[in-house]
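J.: Sharing a structure below in structure tokens format, with a few things to ask.
Bear in mind that the values in this text are calculations on the coordinates, not laboratory data. Computed from a predicted model, the values in this text were never measured in an experiment. Glycine gets a Cβ as well: all are built from the backbone with ideal geometry, and neighbour counts include every protein chain shown.
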Amino acid sequence: MKVLLVDDEIDFVTTLSNRLGLRGIETDVVHDGQEALDYVKDQEPDVIVLDLKMPGMYGMEVLRRLSKTNPDIQVVILTGHGTDRDEEEAQRLKAFDYLRKPTDIDKLADRIRGAYRFKLEKTMAAAAFAEAGEFDMAKDIAKDAERLKTAGEIFKDEDKDKT
Amino acid sequence: MDSIEDVVQPERFHLGPGNEETLRQRQLVLIGKVMAGFSDKIQNHLATIHESNGRLGDLVGQDSQWTEEERERLAGIVSTIERHVQTLVQKSQHLSRFARRTGATSCTFDAGELVEEAVSFSTRLARVRQVSLAQEAAGTLPSLCSDPTRIHFIVSILINSMLERVSRGGKVILRAEPVEKGVLIEVEGRGSLDAAAQSPPGEGNPYWPAMEQVVGDLGGHLQIDSIAHDINRTALFLPTTKVPDTSHM
């Protein structure tokens, strides 16, 4: 699992990275939105933990761009000053989760693992549909995580048919 | 949302002679922005303290160089820091929400959050007065579309004036409940009154007439609900939707 932490508070994010490491989650760290986008171009992470208010490019703008260019990457927002409107916008842009700082480290670790699991399931479902020639469905799943649920139900029905 | 620079650029708002009310409004918005920025900064520092303290806790839990007694003592310190960080985080969240609404004359906001903040900001006065202050929740409050700055001001005055009236050892309870087409907020003082506060809550309160006027503008009403020997109660009704009438201001 490749995890990227994006936060301009260096002491905070360094310590967070250490603590996640102790819990078996290795992370890379960058300190602003543009760095995050550059990192994504070179090595696509599975999960990004993203602060909202950063110098240069705001986290919400990073999320907006990622939702267009890399919709498979799961984003967990971790912010100290998000508003309810930010939370709604993050949901609209399909962020995996929205947490407020400070958060419990074990809760954050769980969410990161959950986001990774979700990404794997989504990728596997899309691949299975593509293999079955259901390219439209595969494309939909790749684009829109909400369709994963539908896909899951179809798989269940297929399993029933097999038995 | 406007930045602080936007708020203080008068040409953006065509300020001229006779625009004192607009200027005052922009001043409130500026104060809100400053407070919001400050609370954001506090929140960031708290997050770093929280993680550093957590890291310390991780080390204490892992490192075998500590005796059991030392480990317990260190764990106690880590837990005390964590408790205080959590308290401060909550206070700072209240400040942040309050700050972001300060200066707004009309918006939709969560009435429950506003009440929670007003209680939170009054705890210090309650402690100084040695009066206990409690909030009783009665169901989820609806959102209000109104003037949050003025409503917060009114609720705070109601709580604080009741805290001032009740003698040491007394209790002030704040109840907020959804009612038809609005929210009812009751501030109840229990216990003997201070000698200086034997008259009903409205009498002698220099704010009262102005408060009644403001609440009326917001489509609500203020009422001294009951006066018993040791129970004082003021009630504030606020409608869910009301665009403030400021024509007389």
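J.: Give the average, rounded to an integer, of partner chain Cβ atoms located within 10 angstrom of each Cβ in A:10-16.
T.: 6
J.: Restricting to Cα pairs below 8 Å that are 6+ residues apart, what does the relative contact order work out to for region B:107-239? Please round to a whole percent.
T.: Result for region B:107-239 is 23 percent.
J.: Also, I was wondering about something else. How shielded is A:39-49 by partner chains, expressed as the average number of their Cβ atoms within 10 Å of its Cβ atoms?
T.: Mean shielding by partner chains, rounded to a whole number: 0.
J.: What's the ranking of B:231-238, B:67-74 by average number of surrounding C-beta atoms within 10 Å, highest first?
T.: B:231-238, B:67-74
J.: Determine, for each peptide in B:132-143, A:60-71, the mean count of other beta carbons within 10 angstrom over its residues, then list the peptides with the highest first.
T.: In descending order of packing, they fall as A:60-71, B:132-143.
J.: Could you check the simple spin-label distance between A:Arg23 and B:Thr241, using points 7 Å along Cα→Cβ, in nm with one decimal?
T.: Result for the modelled spin labels: 4.4 nm.
J.: Within 10 Å, count the other beta carbons around each residue, average over each peptide in B:43-53, A:103-113, and list them highest first.
T.: B:43-53, A:103-113
J.: If each residue's Cβ is checked for other Cβ atoms within 10 Å, how do B:Ile159, B:Ile81 rank with the fewest at the top?
T.: Lowest to highest Cβ neighbour count: B:Ile81, B:Ile159.
J.: Under a point-charge model restricted to the Cβ atoms of Lys and Arg (+1) and Asp and Glu (-1), what is the dipole moment magnitude of region B:23-93 relative to its Cα centre, in debye to the nearest 20?
T.: 880
J.: Dipole of region A:57-101, Cα-centred, from +1 at each Lys and Arg C-beta and -1 at each Asp and Glu C-beta, to the nearest 20 debye?
T.: For region A:57-101, the charge dipole is close to 120 debye.
J.: Return the percentage of antiparallel bridges among DSSP beta bridges fully within region A:3-119, rounded to the nearest 5 %.
T.: DSSP beta bridges in region A:3-119 are roughly 0 percent antiparallel.
J.: Using label points projected 7 Å from each Cα along Cα→Cβ, tell me how many nm separate A:Asp11 and A:Thr123, to one decimal.
T.: 3.7
J.: Could you list B:Ser161, B:Ser120, B:Ser146, B:Ser64 so that the one with the fewest beta carbons within 10 Å of its beta carbon is first and the one with the most is last?
T.: Listing B:Ser161, B:Ser120, B:Ser146, B:Ser64 from fewest to most nearby Cβ atoms yields B:Ser64, B:Ser120, B:Ser161, B:Ser146.
J.: Here is a follow-up. At a 10 Å Cβ-Cβ cut-off, how would you order A:Asp32, B:Asp63, fewest neighbours first?
T.: Ascending Cβ contact count within 10 Å gives the list B:Asp63, A:Asp32.
J.: Quick one: compute the contact order of region A:1-139, relative version, from alpha carbon pairs under 8 angstrom and 6+ residues apart, as a percent.
T.: Here the relative contact order equals 21 percent.
J.: Please get the size of the charge dipole for region A:3-119, origin at its Cα centre, with Cβ charges of +1 on Lys and Arg and -1 on Asp and Glu, quoted in debye to the nearest 20.
T.: 420
J.: Longer than 30 Å from Cα to Cα, which of A:Lys53/A:Lys94; A:Lys2/B:Lys91; A:Lys2/A:Lys107; A:Lys41/A:Lys119; A:Lys53/B:Lys181 are they? Say none if no pair is.
T.: Correct reply: A:Lys2/B:Lys91; A:Lys53/B:Lys181.
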